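The values are calculated or read from the model by the stated rules, or taken from the named source; none is laboratory data. The shown structure was predicted, so the numbers you read here are calculated from the model rather than taken from an experiment. Cβ placement follows ideal geometry from the backbone for every residue including glycine, while neighbour counts extend to all protein chains displayed.
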Amino acid sequence: MITSRVHRSPVGHVIIAGLFFFVLIPAFALIATHPAIADEVVHSDQIQRFARGDMTLHPLITQLPVYHLIVAIPSALTGFRSLAALRLFSFLLAACSVPAFFIVARRLDPAGAVVRTLQFGLLPLLFPLFFLIYTDVPSLVPVFLALYAVLRRQPSVAAVCVAVSILMRQNNIVWAMFLWVFLLLSGGYFHGIRLFMERHAELSTLSLRWVSAQGALLRWIADTRAFLHLFVLFAVFLLFNGGVAVGDVSAHPFPSFHWGNVYFFLFLFFFLFLPLHVANLPRLAQLLRGRWVPALSLILLFALLFLITFVNDHPDNQAEYSFFLRNRLLLLFTSGMAWKALFFLPVLASVLSLLVTRLVLPASYLLYPVSFLFLTSSWLIEQRYYLVPLAFFLLFREHRSRTVEWTIIACWAAGSAILFMGINQGRYFL
């Protein structure tokens, strides 16, 4: 982990303040009056409806409209309903994700909290969304607060916070399940069992272990009953709504299973964390030493699975929507077998690098299967779905040398600037 003194001093807080005053605020000023971009048309319409007292829903709103209601409140109170005003209200909400992320990072790694927070604030997939009327970044605020409450062993507070995030984006129910199980794995529920078995080795029969495990599980369930209430309420919502999406249901079927987002996530992950992958090469070489035959066999099986399951068949990922950079990439890399094979190389490299990337807590390895579940549940291939997995990875991963970490920050600052300027000039969107 990074242990430089600057990260333990007030200088670190000054750096984060600089992120706001010299990066986020000027960037907002540049894009504030830009015409509505992509889904902003739908979201701004919904907010303006609420602001003038019209409680009807736009037919293309897929989320429960809590975010829209929150942004509509200052709009209704002030009378400011222009697109720039709505962007300002949304930006103020989204900007809260930075200090929310920071308090979690400081809880997990006080020495590296500033660096982690700078990386979060400059994440290229996230940065342009700070300033637009989208639910994705504002919904991160209650997710981070929920994780903070989990780390402080406050399950009821965590359940309330993550419930707010679900009211902004229903698919955050997956992260509620993550936090619920994370509490079991990190909350010390099985610590008493281990102590008992160590002190009474002669009684450590299988049946006694099972009874002790049952007791731990019952304590976990009792402590986290607020989560159980949340899951029941969400099940009722699914039953009456007929799925997760409120509107535009045909584009977001439920339940569904698709590999596209897993592969596209790994593809982008390779380029985002290239300095980390380079630093991981010695560890990877050590892992593969003497295991080349089984490793190559697994790689070939993965390649076969990839070639069969990597498809781009969602209507919103087609050439009609080539204004989106992701669609240009997807159309290119699914246009032929050679392009697919080329796409597979960074996907494979990301998997191999993740195998040797250490996380700060044993329970945090739960992030990988839950992220897989989260990503495979969406048919539309959309990089905005990667924000929670990436943010949690930034929080949980072991930090490497200052060279690696600051190289990531420099690359992400440049990438965010390029993407932001292109979006501001109307040349593309993510």
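On the given criteria, is Thr3 more than 17 Å from Met168 (Cα to Cα), at pLDDT 95 or above and not in a helix (DSSP H, G or I)? Answer is no for this residue.
When Leu217 is tested against (1) over 29 Å from Ile409 (Cβ atoms); (2) in the same structural domain as Val356 (by TED's automatic domain parsing); (3) of a type outside the set (S, T, N, Q), exactly one condition is not met: (2). When each of Val278, Val249 is tested for being over 21 Å from the mean Cα position of the chain (by Cα), modelled with pLDDT under 95 and surrounded by fewer than 16 Cβ atoms within 10 Å (Cβ to Cβ), the lone residue that passes is Val249. When the criteria are applied in full, Leu325 meets the requirement of being within 30 Å of Gln63 (Cβ to Cβ), within 21 Å of the chain's Cα centre (by Cα) and not assigned by TED's automatic domain parsing to the domain that holds Leu60. Scanning the stretch 312-340 for residues that are out of contact with any Phe, Trp or Tyr (no Cβ under 9 Å at 6 or more places or on another chain), in a helix (DSSP H, G or I) and without any contact (Cβ under 8 Å) to a residue 12 or more places away in the chain turns up Glu320, Tyr321, Ala338. For Ser186, the stated conditions hold: it is hydroxyl-bearing (Ser, Thr, Tyr), modelled with pLDDT under 95, more than 24 Å from Gly243 (Cβ to Cβ) and surrounded by fewer than 19 Cβ atoms within 10 Å (Cβ to Cβ).
In the condition set (1) assigned by TED's automatic domain parsing to the domain that holds Asp223; (2) outside any helix (DSSP H, G or I); (3) aliphatic (A, V, I, L, M), Leu123 is compliant with all but (1). The combined condition, being in contact with an Asp or Glu (Cβ under 9 Å, 6 or more places away or on another chain) and either under 23 Å from Ser401 (Cβ atoms) or surrounded by fewer than 16 Cβ atoms within 10 Å (Cβ to Cβ) (or both), is not fulfilled by Leu342.
Hey, among the residues in the stretch 336-391 that are over 16 Å from the mean Cα position of the chain (by Cα) and β-branched (Val, Ile, Thr), which one's farthest from Gly112 (Cα to Cα)? So, considering only residues that are over 16 Å from the mean Cα position of the chain (by Cα) and β-branched (Val, Ile, Thr), the one farthest from Gly112 (Cα to Cα) is Val347. How many residues does the stretch 281-310 contain that are loosely packed, with under 14 Cβ neighbours inside 10 Å and in contact with a Lys or Arg (Cβ under 8 Å, 6 or more places away or on another chain)? Selection size over the stretch 281-310: 1. For the stretch 369-403, the tally of residues that are over 28 Å from Asp248 (Cα atoms) and either aromatic (Phe, Trp, Tyr) or not in a helix (DSSP H, G or I) (or both) stands at 8. Condition first: of a type in the set (Ser, Thr, Tyr) and in a helix (DSSP H, G or I). Now tell me which residues in the stretch 54-71 satisfy that. Tyr67 - this is the single residue of the stretch 54-71 that is of a type in the set (Ser, Thr, Tyr) and in a helix (DSSP H, G or I).
When residues in the stretch 123-173 are screened for being basic (Lys, Arg), more than 23 Å from Ala36 (Cβ to Cβ) and crowded, with 22+ Cβ neighbours inside 10 Å, 0 of them pass.
Take the conditions more than 19 Å from Pro142 (Cα to Cα), among the aromatic types (Phe, Trp, Tyr) and outside the structural domain of Phe271 (by TED's automatic domain parsing) and apply them to Phe20. Does it pass? So Phe20 passes the test. For the stretch 111-168, a residue qualifies if it is over 28 Å from Pro26 (Cα atoms), in contact (Cβ under 8 Å) with a residue 40 or more places away in the chain and of a type in the set (Val, Ile, Thr), and the qualifying residues are Val160, Val162, Val164, Ile166. Of all residues in the stretch 327-362, those that are modelled with pLDDT of 95 or more and either closer than 21 Å to Leu147 by Cβ or in contact with a strand residue (DSSP E or B) (Cβ under 8 Å, 6 or more places away or on another chain) (or both) total 4. Any residue at all in the stretch 107-115 that is of a type in the set (D, E, K, R), within 26 Å of Ile37 (Cα to Cα) and in a helix (DSSP H, G or I)? No: the stretch 107-115 contains no residue that is of a type in the set (D, E, K, R), within 26 Å of Ile37 (Cα to Cα) and in a helix (DSSP H, G or I).
Taking the stretch 39-53 as the range and being touching a residue at least 40 places away in the same chain (Cβ under 8 Å) and part of a loop (DSSP other than H, G, I, E, B) as the test, only Asp39 passes. Candidates in the stretch 43-87 are the residues that are under 23 Å from the mean Cα position of the chain (by Cα) and closer than 22 Å to Phe127 by Cα; of these, the one that is surrounded by the most Cβ atoms within 10 Å (Cβ to Cβ) is Val71.
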